Amino acid sequence: MAKLSDLAKAHNIPLIIDNAYGMPFPNIIHTDAKLTWDDHTILCMSLSKIGLPGTRTGIIVADPKVVSAVSAMNAIVNLSPTRFGTAIATPLLESDELKRLADEEIQPFYQAKANFAVSCLKKELGNYPMKIHQPEGAIFLWIWFQDLPINTVELYQRLKAKNTLIIPSEHFFPGIDTVIYSHAHECIRMSIAQDDATLEKGIAVIGEVVRALYGQ
């Protein structure tokens, strides 16, 4: 982050940070991290990951001129912006209850989800060429099936036919020639936000389909 900040300063452009999972809330981070800010940074935060997904309430921390411009834009883009999230969040922020919920409830909840999902994946595919990106936070896992016989768009279709949804990796490599870079076709993003029974069932389906693809 420090390198990105220096690069942005050198070119006199703002550094926009998507902090939807970060500090101080929802704080779905499983590693040591430090949140920094200065006047060329636009820090974007959200209440959607803290248990208010329908309120679509966003927060930015930025230079007052930027805040004013975004406020003016929202007044035009959102003719009827919600006040529901703001009404709920304000007393939680004033009492520091939002920070307590993030640290003591939300972060441990998703840490346990990540641990459970990893254990299920290892049970289903531990002897196959699967690698799991170190869970560092958020509400999903990245999984790499090395030398997968099909691309993950086709894998998505096969899993969807079995009522199991994942996100194929091809869409996450902008600016890279994915024809040459085969890794871009071998990964999936998998949500871990469901209840344990649903998560275990979905991973079992993924295991069944992927094992068949490797022909073992």
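Quick look at the numbers
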quantity: Span-rule helices in the chain, defined as complete DSSP H runs reaching 20 Å or more along the axis (Cα) with Kyte mean at least 0.0; calculated: 196-214
quantity: Rounded to the nearest 20 debye, dipole of the range 95-216 from Cβ charges on Lys, Arg, Asp, Glu; calculated: 420 debye
quantity: Percent accessible area from carbon and sulfur atoms, the chain, protein chains only, probe 1.4 Å; calculated: 57 percent
quantity: THR178-HIS133 pseudo-label distance in nm [points 7 Å out on the Cα-to-Cβ vector]; calculated: 1.4 nm
quantity: Candidate residues VAL67, VAL118: accessible-area rank, largest first, probe 1.4 Å; calculated: VAL67, VAL118
quantity: Two-site FRET efficiency, VAL153 against ASP96, from Cβ-Cβ distance with R₀ of 45 Å, rounded to 0.05; calculated: 0.50
quantity: Solvent-accessible ranking of MET73, MET190, MET23, largest area first, probe 1.4 Å; calculated: MET73, MET23, MET190
quantity: Environment charge at ALA2 (Cβ cut-off 15 Å; Lys +1, Arg +1, Asp -1, Glu -1); calculated: 0
quantity: Extension reserve of the ASP196-ILE16 stretch, reckoned as 0.36 nm per residue once the Cα distance is removed; calculated: 61.3 nm
quantity: Computed magnitude of the charge dipole of the range 42-152 (debye, nearest 20; Cβ of K, R +1, Cβ of D, E -1); calculated: 260 debye
quantity: Alpha-carbon gyration tensor eigenvalues x 5, square-rooted, for the range 1-128, Å; calculated: 30, 22, 14
quantity: List VAL209, VAL179, ordered by accessible area with a 1.4 Å probe, largest first; calculated: VAL179, VAL209
quantity: With all protein chains modelled, accessible area of LEU165 [1.4 Å, Å²]; calculated: 120 Å²
quantity: Convex hull of the range 83-150 built on C-alpha atoms - directionally averaged projected area, nm²; calculated: 6.8 nm²
quantity: Magnitude of the charge dipole, the range 1-77, Cβ model with Lys/Arg +1 and Asp/Glu -1, debye to 20; calculated: 160 debye
quantity: Coil-residue trypsin sites (Lys or Arg not before Pro) of the range 1-53, DSSP, other Cβ within 10 Å capped at 13; calculated: LYS34
quantity: Binned Cα-Cα distance frequencies in the range 1-71 - 5 Å width, integer %; calculated: 3, 15, 24, 22, 19, 11, 4, 1
quantity: Residue (of GLY175, SER191, LEU155) at the positive-pole extreme of the range 139-191, dipole from beta-carbon charges; calculated: SER191
quantity: Stokes-Einstein D in µm²/s, Kirkwood radius over Cα pairs - the chain at 10 °C with 1.306 mPa s viscosity; calculated: 80 µm²/s
quantity: Ranked packing of 10-18, 139-147, most packed first, by mean Cβ within 10 Å; calculated: 139-147, 10-18
quantity: Cα centroid separation, the range 8-55 to the range 187-216 (Å); calculated: 30 Å
quantity: Probe 1.4 Å, protein heavy atoms only - accessible area per residue of the range 94-216 in square angstrom; calculated: 57 Å²
quantity: Normalised contact order of the chain, rounded percent, pairs of Cα under 8 Å and 6 or more residues apart; calculated: 17 percent
quantity: Cα-Cα over 27 Å, subset of LYS49/LYS123; LYS34/LYS65; LYS123/LYS160; LYS123/LYS162; LYS9/LYS65; LYS34/LYS201; calculated: LYS49/LYS123; LYS34/LYS201
quantity: Residue (of LEU101, PRO14, VAL210) at the positive-pole extreme of the chain, dipole from beta-carbon charges; calculated: VAL210
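The values are calculated or read from the model by the stated rules, or taken from the named source; none is laboratory data. Everything numeric here is computed off the predicted structure, so don't read it as measured data. Please note: Cβ atoms are built from the backbone with ideal geometry, for glycine as well, and neighbour counts cover all protein chains shown. Only protein heavy atoms, including side chains, enter the accessible area calculation; ligands, DNA and RNA are left aside. Shrake-Rupley method; radii C 1.70, N 1.55, O 1.52, S 1.80 Å.
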